[in-house]
Amino acid sequence: MTLRMALIGCGRISPKHVEAVIENSELLKLVAVCDLIPEKAEKTAEKIYSTLGYKPKIYKDYKELLKTSDIDFVSIATPSGSHYQITMDCLQSNRHVLVEKPMALSTSHMSEMIKLSRDKNLRLGVCFQNRFNPPIQELRKKIENGALGKIFYGTISVRWNRNKDYYEQAPWRGTWDQDGGVLMNQSIHGIDLLQWMLGGKPKRVFGMIKNLNHPYIESEDLGIGVVEFESGAVGIIEGTSNVYDKNLEEVLSIFGEKGTVKIGGVAVNRILVWRFPNENDHPYMNLPDPDTVYGKGHVALYKDFCRAVTKGEEPYINGEEAQKAVQIILGIYRSAIENKWVDLPMDFSTEQMKRWSF
């Protein structure tokens, strides 16, 4: 069975979706592309035509796209603040949805998305593609088979650079109503991996945010958080876009009673430390860096989502899973403005940050 899909949003991240379509061409066909700037949609369609020999239909208005009858699922790669409404409209039109991170910027919106997908028995997947990175999968296997023993704590450090040109390319970036800052935009992949490895049940969070070097945006360029999990494990979060003069690293470290693992590289794509009894190295210590910080995980993500749609099963990262990282980030935001620990889950949105200033 070949699934027919549409891509809404043909901007910065869309080439990774196109790559995934090309690499999974036996499973799916991209029949429609949509962007508010038609030239971007045209460029995406031409890429499919030159590679796969067919050309998707081009749309400017996604609501017109949803009126067609030949679409099984929709991938959403638009600005973060639009994910909620577009996802709800796609689900209402009885289409499965694969949406880029963050799935939404509000806890209540995430709950609505999950509920509607459940009520309509539709698959809702979210693009946390780094979960598919080979080193991450190796660590996950160790955790699931208990090789680390009791896990004490973990850290995620996202040390990147985002300059003024980046924000001028797209005015929605760095705004509270459409984006958030370095935690919600750049660090969310790492935060997802951290919470996943530490048990996925965050209990409370304490955070601090600063804008040290980007006076032209509303949100933070430095975010620090401490997350306590129900297991007793502690997660430490560091996200910054102030590194001179280019991206430095994204590093995930997990510390247990029987093992220590550190995964880094451009996109948490290479094992740096791998220590277990009688096991002190790993073949994935020598993996090359990907061409971008987005890595190569979209290919595996799409393959998994096609499996979920075809077999009526859960995608690897469903809405319930994907909301956890957003909850943690929103908890850090709330903690920063209230200057106290925040219990999770809670109700909050980036919109509420507009009443607060650095």
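Please name which of Leu252, Thr292, Gly181 has its Cα lying farthest along the dipole of the chain towards the positive end, using unit charges on Cβ (Lys, Arg +1; Asp, Glu -1) and the Cα centre as origin.
My answer, from the dipole projection, is Leu252.
How far, in nm, would the chain grow between Asn242 and Asp291 when pulled straight, counting 0.36 nm per residue and subtracting the alpha carbon separation? Write down the numbers at each step before the final one.
Details: separation 49, 0.36 × 49 = 17.64 nm, distance 2.13 nm.
Taking Asn242 through Asp291 to full extension adds about 15.5 nm, to one decimal.
7 Å from Cα along Cα→Cβ at both Thr2 and Lys63: what's the point-to-point distance in nm?
Spacing of the two 7 Å Cα→Cβ label points: 3.2 nm.
From a point 7 Å beyond the Cα of Val234 in the direction of its Cβ, which residues of the stretch 188-224 have a backbone N at a distance under 12 Å?
Flagged as within label range: 206.
Give the angle, between 0 and 90 degrees and rounded to the nearest 10, that separates the Cα long axis of helix 83-92 from the longest principal axis of the Cα atoms of the chain.
50 degrees
Where a ≥ b ≥ c are the square roots of the eigenvalues of the C-alpha gyration tensor, would you call the stretch 316-358 rounded, which needs a/c under 1.5, or, failing that, prolate if a/b is larger than b/c, or oblate?
Working: a/c = 3.03, a/b = 1.91, b/c = 1.59.
In terms of gyration-tensor shape, prolate.
Of the cross-linked pairs Lys150/Lys324; Lys201/Lys303; Lys55/Lys115; Lys246/Lys296; Lys115/Lys311; Lys246/Lys340, which ones have a Cα-Cα span greater than 31 Å in the structure shown? Could you put the intermediate results ahead of the total?
On the way: Lys150/Lys324 22 Å; Lys201/Lys303 27 Å; Lys55/Lys115 35 Å; Lys246/Lys296 21 Å; Lys115/Lys311 20 Å; Lys246/Lys340 33 Å.
Beyond 31 Å between Cα atoms: Lys55/Lys115; Lys246/Lys340.
Using the Cα centre as the reference, give the magnitude of the dipole from point charges on the C-beta atoms of the chain (Lys, Arg: +1; Asp, Glu: -1; all else neutral), rounded to the nearest 20 debye. Could the numbers behind the result be given before it?
Numbers: 45 positive and 45 negative charges, 76 e Å.
Computed charge dipole of the chain: roughly 360 debye.
Calculate how steeply helix 297-311 sits against the longest principal axis of the alpha-carbon atoms of the chain, using the helix alpha-carbon long axis, and give the answer as 0 to 90 degrees to the nearest 10.
60 degrees
What percent of all Cα-Cα pairs in the stretch 209-290 falls in each 10 Å bin, counting up from 0?
Going out from 0 Å in 10 Å bins, the stretch 209-290 shows 15, 34, 32, 16, 3, 0 percent.
In whole percent, what relative contact order does the chain give with Cα contacts below 8 Å and a gap of six or more residues?
Working: 801 pairs, mean separation 69.0, N = 358.
For the chain, the relative contact order is 19 percent.
Once you place label points 7 Å from the Cα toward the Cβ at Lys354 and Glu138, how far apart are they in nm?
Roughly 4.6 nm, to one decimal.
From the helices alone, meaning DSSP H stretches of at least four residues, give me the mean residue ellipticity at 222 nm for the chain, per-run term -39500 (n - 2.57), in deg cm²/dmol to the nearest 500. Intermediate results must be reported in sequence, preceding the final value.
On the way: 10 runs with 114 residues, N = 358.
Only helices count here, giving -9500 deg cm²/dmol.
Is the C-alpha gyration tensor of the stretch 72-193 telling us rounded, prolate or oblate? Criteria: a/c under 1.5 is rounded; beyond that, a/b larger than b/c is prolate, otherwise oblate. Numbers along the way, then the final one.
On the way: a/c = 2.23, a/b = 1.17, b/c = 1.90.
Note, shape of the stretch 72-193 comes out oblate.
Roughly how big is the stretch 1-61's charge dipole about its Cα centre, with Cβ charges of +1 (Lys, Arg) and -1 (Asp, Glu), in debye to the nearest 20? Please list the in-between numbers first.
On the way: 10 positive and 8 negative charges, 16 e Å.
Dipole size: approximately 80 debye.
With a cut-off of 17 Å, note down the residues of the stretch 131-157 whose backbone N falls inside the zone around a label point 7 Å from the Cα of Glu313 toward its beta carbon.
132
FYI, it's all coordinate maths here, none of it is from the lab. These numbers come from a predicted model, not from an experiment. Here the Cβ is made from the backbone with ideal geometry for all residues, glycine too, and neighbour counts use every protein chain on show.
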